[in-house]
Every structure is written in structure tokens, then in C-alpha cells.
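Comments concern the structure below.
The values are calculated or read from the model by the stated rules, or taken from the named source; none is laboratory data. Not measured: the values here are computed from a predicted model. We place every Cβ from the backbone using ideal geometry, glycine too, and count neighbours over all the protein chains shown.
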Amino acid sequence: MLSQYRLPLEERVPLFAPLLALPLPEHHYPPLNLSPQRQRQKTLETIVAILLELAERQPVLFILEDLHWTDPTTLELLNLLIDQLPTAPMLVLLTYRPHFQPAWHHRSYITEMTLNHLSHAQVEQIVTGVTHGKTFPTEVIQQIIAKTDGVPLFIEEMTKAILESGQLTAVDGHYALTGPFSTLAIPATLQDSLMARLDRLVTAKAVAQYAAVIGRGFAYDLLQTVSQLDAATLQRELGRLIEAEIVYQRGLPPQATYVFKHALIRDSAYESLLKSTRQHYHQRIAQVLEARSLLLDSGVVAFEDSVY
């Protein structure tokens, strides 16, 4: 991958191989003998160099969301990149919550935009998008507007919760209430809405909880090992989570990876576990990862013995 860029491979390959846990043949690439701080700096500089070279070939759109959760090393990378932007055909789009204060907002070539809560008309547009064009009764729409405060994720989740409640029926191009409006259970908070959706998934909820302990993103093979479910059961329950848009899938089992649609969905599944159960899951995951690490280490030793 690095050979396609104007980079000295003897300097750059030893930077990236350790990050990917790849063995590095020393007779091809001698150790750099750098301090950890200098090695990190050179790695960040190389990433920026790759991005700038890509921008020379064609304009680049670089998007980083949820900057308020960013670690210091990523911020250091952004600082290096942003310094180069005035001379590069690159558009960098960063999103963050109001409490985050970027160090570079005073730059003349940076435009800061505040995204306010959605208007009533925009809320209705999102609802109609989730319902595939079918409209809700006016009183239901008004309640969604009142309770979601114009927050897109909340609008989506509350709309799905109402659709799954069984208290609406599709009639031509709209939905009608199957009973009095007073009996329609509209979640009061986003947490209630997310948990209501997880609860309705019944057995798939347990899979979501186990996955949430692994993290926002998780691999199929790790989830199968720690959950001890057979392949047919696990794939069926993951399919239900995908259908409900709780998680998104990339690839096919057993190489598939998954990611929770939003960090708040993962947090809701995680927090719904009893503390003792959560501790047990963490312990089980740690044991599996430790066993895999030992196997990987022994595999590397065996490979080295066979070479030398």
C-alpha cells in the first residue's frame, strides 16, 4: 500500500507494520531506533503526507464525526493536517457538540456553522422518510415534535418505536390509530425509546447486550466465541438487529464485522445489563482475547523457528 506513494519505504514500513501487528523482516527493514514520541510524530506526518498526495491526484473530502470524543493523538494529527489545508485541494468536515472547543477555530480558512434543532417541517420530513412516505395522524406528529426537541436521532428512534407499538395501522397512504390516542405509548426520553425497541427484539436483545460489552464495533467471530451461541442462532439474531437498524453489517460471517448505528444505542444496551452480568461478560471477553493473544504469539514463534 505504501509503495504507491512518494515515500521512502525503508523509513515508513517500520512505522506502520507494528500498528497492524505485522512481523517485520529486519533484513529488509532495519529498526528505526526512534523514541516513542518521535515514532508517533513521524507516523502522523506520514499519514498527512499520504492525504496530501491523494489530494494532488484528485480533490479529497475528509470527514471526521463526533470530534468531542476524539483522543489527543487524533487531535495532533488534525492539527498537522489543518496547517496544510490552505494549499491543498481538500475539504475537511468536522462535527462536534457545543462543549468541544477546537484550537483552530480562529483560522481564516475555516468556517464554523452552528446546527440548530430541526424545524417542525423538517421533523415531519424525517418521520415521513422513516415511514416510507406514509403520514402519521396529526396528534401523533405533534407529540413527536413536542418530545424530540428537533433532535434527528430522537425523531428517528421515536418514530420507529411508534411504528413497532402495534397501535397504528396502514391505510392507503397514511397511518391510522387502532385505538384512542391516549393509549398510544410514546416514550418520554430517548433512553426509553431505545430500550423499548431493544425489549421488543426479545432474544436478539441479549445478543445486542453482549455485543455492547465488546464495544461500538465488534467482529462476528469474537461475538460467537464469547456468546457461545451456535452459528445459526447467532446469525438469526444478528439479522433481527440489522433489520431493526440497531446495528449495521460489513462483510459476511464468519469474517463479518458490525457497528452499532449510534453510540447511544450501544450505551443503552450496555447500561441495561445488571452490574454483575456486565462484569461476567467483561471477564469472558478478556479471557477469550487473552487466549487469542497467546495463540498468536505462539504462531509467530513457530513461524520464526521455521525461517531461522
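Side notes on the structure shown:
- Among the residues making up the range 15-59, those that are in contact with a strand residue (DSSP E or B) (Cβ under 9 Å, 6 or more places away or on another chain) and closer than 21 Å to Leu75 by Cα are Leu51, Leu52, Leu54, Ala55.
- Scanning the range 48-86 for residues that are closer than 21 Å to Pro102 by Cα and of a type in the set (Val, Ile, Thr) gives Val48, Ile63, Thr70, Thr73, Thr74, Ile82.
- Looking only at the range 187-221, and only at residues there that are surrounded by 19 or more Cβ atoms within 10 Å (Cβ to Cβ) and touching a Lys or Arg at 6+ places or on another chain (Cβ under 7 Å), the one that is farthest from Ala286 (Cα to Cα): Arg197
- In the range 1-18, the residues that are more than 17 Å from Asn33 (Cβ to Cβ) form Cβ pairs under 7 Å with partners that are modelled with pLDDT of 90 or more and β-branched (Val, Ile, Thr), at six or more places apart or across chains, as follows: Leu2/Val13; Tyr5/Ile50; Leu7/Thr46.
Yes/no per residue for (1) closer than 30 Å to Pro72 by Cα; (2) in contact with a strand residue (DSSP E or B) (Cβ under 6 Å, 6 or more places away or on another chain); (3) outside any helix (DSSP H, G or I); (4) without any contact (Cβ under 8 Å) to a residue 60 or more places away in the chain:
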position	(1), (2), (3), (4)
Leu93	yes, yes, yes, yes
Arg97	yes, no, yes, yes
Leu115	yes, no, yes, yes
Ile126	no, no, no, yes
His132	no, no, yes, yes
Glu139	no, no, no, yes
Ile145	no, no, no, yes
Gly150	no, no, yes, yes
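- Flag not set for Val13, criterion: closer than 30 Å to Ala263 by Cβ and outside the structural domain of Gly150 (by TED's automatic domain parsing).
Per-residue answers, yes or no, for (1) among the aliphatic types (A, V, I, L, M); (2) surrounded by 12 or more Cβ atoms within 10 Å (Cβ to Cβ); (3) not assigned by TED's automatic domain parsing to the domain that holds Arg278:
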site: Pro137; (1), (2), (3): no, yes, yes
site: Pro152; (1), (2), (3): no, yes, yes
site: Leu163; (1), (2), (3): yes, yes, yes
site: Tyr175; (1), (2), (3): no, yes, yes
site: Leu223; (1), (2), (3): yes, yes, no
site: Asp230; (1), (2), (3): no, no, no
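- Neighbours by Cβ (under 8 Å, 6+ apart or cross-chain): first from the range 25-52, in the same structural domain as Val13 (by TED's automatic domain parsing); second outside any loop (DSSP other than H, G, I, E, B) and of a type in the set (Phe, Trp, Tyr): Thr43/Phe16; Thr46/Phe16; Leu51/Phe62
- A search for C-beta distances below 8 Å between a residue of the range 271-288 that is within 12 Å of Ala212 (Cα to Cα) and touching a residue at least 40 places away in the same chain (Cβ under 8 Å) and any residue that is among the aromatic types (Phe, Trp, Tyr) and surrounded by 12 or more Cβ atoms within 10 Å (Cβ to Cβ), counting only pairs 6+ apart in sequence or on different chains, returns Leu273/Tyr281; Arg278/Tyr270; Tyr281/Tyr210.
- Entry remark, the range 204-256: residues being within 16 Å of the chain's Cα centre (by Cα) and hydrophobic (A, V, I, L, M, F, W, C) number 12 in total.
- Qualifying residue in the range 140-159 (condition: of a type in the set (Phe, Trp, Tyr) and more than 23 Å from Leu61 (Cβ to Cβ)): yes
- Within the range 77-91, the set of residues being part of a helix (DSSP H, G or I) and either on the phi > 0 side of the Ramachandran plot or surrounded by 13 or more Cβ atoms within 10 Å (Cβ to Cβ) (or both) comprises Leu77, Leu78, Asn79, Leu80, Leu81, Ile82, Gln84, Leu85.
- Condition met for Arg97 (in contact with a His (Cβ under 6 Å, 6 or more places away or on another chain) and farther than 27 Å from Ser293 by Cβ): yes
This table checks each residue for (1) exposed (fewer than 11 other Cβ atoms within 10 Å of the Cβ); (2) at positive phi; (3) in contact with a Gly (Cβ under 8 Å, 6 or more places away or on another chain); (4) not hydrophobic (A, V, I, L, M, F, W, C).
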position: Ser3; (1), (2), (3), (4): yes, no, no, yes
position: Glu11; (1), (2), (3), (4): no, no, no, yes
position: Leu52; (1), (2), (3), (4): no, no, no, no
position: Asp66; (1), (2), (3), (4): no, yes, no, yes
